[in-house]
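The values are calculated or read from the model by the stated rules, or taken from the named source; none is laboratory data. Everything quoted here is computed from the prediction, not taken from an experiment. Ideal geometry is used to build each Cβ from the backbone, glycine not excepted, and the neighbour counts take in all protein chains shown. Heavy atoms of the whole protein, side chains included, go into the accessibility calculation; ligands, DNA and RNA do not. Shrake-Rupley method; radii C 1.70, N 1.55, O 1.52, S 1.80 Å.
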Amino acid sequence: MPYGQLVIGPPGSGKTTYCHGIQQFLSTAYNRKVIVVNLDPANDLLPYECAIDIASLVCVDDTMKLLKLGPNGGLIYCMEYLEKNMDWLEQQLHQFKDCYFLFDCPGQVELYTHHNAIRAIVERLQQLDFKLVAVHLVDSHYCTDPSKFLSVLLTSLSTMLQIELPHVNILSKIDLIERYGKLAFGIDFYTEVLNLDYLLERMNEDEFSKKYRKLSSALAGLIENYSLVWFTTLNIQDKESVANVIKVIDKANGYIFNQADHNIAALMSSAVGADFDYFKYPFRKNRCL
């Protein structure tokens with residue numbers, strides 16, 4: 001029963017850096033055998049050790065030249081090609097036993113909000129008994145702009161409904177959050193997605209956003225009605241921050257329950273939030289990755 005993470009998010013959110021850091025962290029701190037699978041055909045600069053690379057199957061540059069497609073069209077074609085050739089991926093995955101998998105996915109947002117290729121690939125992996133969690137990375141600097149943050153919330157909600165996996169939304173690069181401006185509210189407002197009426201009030205201070213206040217109000221109401229979106233924060237260079245994220249993810253995909261002793265007491269302690277070995281290492285707030 002292999003466990004893993006489907007690492008998704010818009011361009012520039014830090015997916016590849018995340019995979020590199022998590023691979024190092026899990027290998028050293030938790031002694032897990034981590035396999036990174038690159039599913040981004042446009043990513044040819046890989047800082048991590050890549051065991052499976054979609055470039056061995058299809059390349060976005062060749063696709064664009066051959067079919068005369070643009071970057072977006074070429075990327076969508078590549079993912080559809082992978083969907084039709086999942087036997088190749090299955091054969092590659094079967095080489096690795098008792099491993100923890102990180103799937104580094106493309107950054108094209110429509111692949112997760114309404115296109116069906118990624119969803120079909122996920123369903124096939126689930127048929128192979130993969131226990132996956134979608135790790136959705138979003139650059140934390142969007143919190144400094146109310147309109148952008150509302151867009152992030154809507155994108156996150158659409159992705160959760162489309163992918164249909166246990167889902168962890170992460171505000172990445174949290175150490176850089178105020179480089180783009182001071183936050184209007186405390187960080188808990190953004191992670192817990194509290195009363196969005198306050199966000200709408202801030203949007204009304206901007207002349208451009210004020211034109212669309214009815215639309216913004218409707219979108220905020222939609223997000224609050226579903227009440228699904230929340231975030232955790234991540235500084236990939238801080239061990240304690242990474243450990244907190246891993247704890248959340250392991251609960252989401254069930255890895256923590258698999259590692260617990262198979263008795264009622266252990267499973268109950270898992271369910272109520274016991275930390276197990278997550279903090280048995282003396283993490284210090286220094287930069288490590």
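Is it true that some residue in the stretch 210-232 is in contact with a Phe, Trp or Tyr (Cβ under 9 Å, 6 or more places away or on another chain), of a type in the set (Phe, Trp, Tyr), open to solvent by less than 20 Å² (accessible area, probe 1.4 Å) and in a helix (DSSP H, G or I)? There is no residue in the stretch 210-232 that is in contact with a Phe, Trp or Tyr (Cβ under 9 Å, 6 or more places away or on another chain), of a type in the set (Phe, Trp, Tyr), open to solvent by less than 20 Å² (accessible area, probe 1.4 Å) and in a helix (DSSP H, G or I).
The residue pairs whose first member lies in the stretch 216-239 and is over 17 Å from Gly9 (Cβ atoms), whose second member is open to solvent by 30 Å² or more (accessible area, probe 1.4 Å) and assigned to a strand (DSSP E or B), and whose beta carbons are closer than 7 Å, counting only pairs six or more residues apart or on different chains, are Gln237/Arg287; Asp238/Arg287. Do we have Tyr3 as open to solvent by 10 Å² or more (accessible area, probe 1.4 Å) and of a type in the set (Phe, Trp, Tyr) here? Yes; evaluated as a whole, the condition is true for this residue. Of all the numbered requirements in (1) among the hydrophobic types (A, V, I, L, M, F, W, C); (2) modelled with pLDDT of 95 or more; (3) touching a Phe, Trp or Tyr at 6+ places or on another chain (Cβ under 9 Å); (4) buried (at least 21 other Cβ atoms within 10 Å of the Cβ), Cys143 misses one, and that requirement is (2). Within the stretch 65-91, the residues that satisfy the criterion of being out of contact with any Leu (no Cβ under 9 Å at 6 or more places or on another chain) and either crowded, with 18+ Cβ neighbours inside 10 Å or part of a helix (DSSP H, G or I) (or both) are Lys65, Leu66, Leu67, Pro71, Asn72, Glu80, Glu83, Lys84, Asp87, Gln91. Within the stretch 29-58, residues that are touching a residue at least 60 places away in the same chain (Cβ under 8 Å) and closer than 14 Å to Cys78 by Cα sit with their Cβ atoms under 8 Å from residues that are open to solvent by 30 Å² or more (accessible area, probe 1.4 Å) and in a loop (DSSP other than H, G, I, E, B), at 6+ positions apart or across chains, in these pairs: Asn38/Leu46; Pro41/Cys59.
Answer yes or no as to whether Asp40 is in a helix (DSSP H, G or I) and more than 16 Å from Ser241 (Cβ to Cβ). Spelling it out, it is not the case that Asp40 is in a helix (DSSP H, G or I) and more than 16 Å from Ser241 (Cβ to Cβ). Counting the residues of the stretch 48-64 that are assigned to a loop (DSSP other than H, G, I, E, B) and either open to solvent by 20 Å² or more (accessible area, probe 1.4 Å) or β-branched (Val, Ile, Thr) (or both) gives 4. Sort out which residues of the stretch 180-192 are open to solvent by less than 100 Å² (accessible area, probe 1.4 Å) and modelled with pLDDT under 90, and write them in order of number. Within the stretch 180-192, Gly181, Leu183, Ala184 meet the criteria.
Counting only residues that are at pLDDT below 90 and farther than 18 Å from Tyr142 by Cβ, the stretch 202-221 holds 5 of them.
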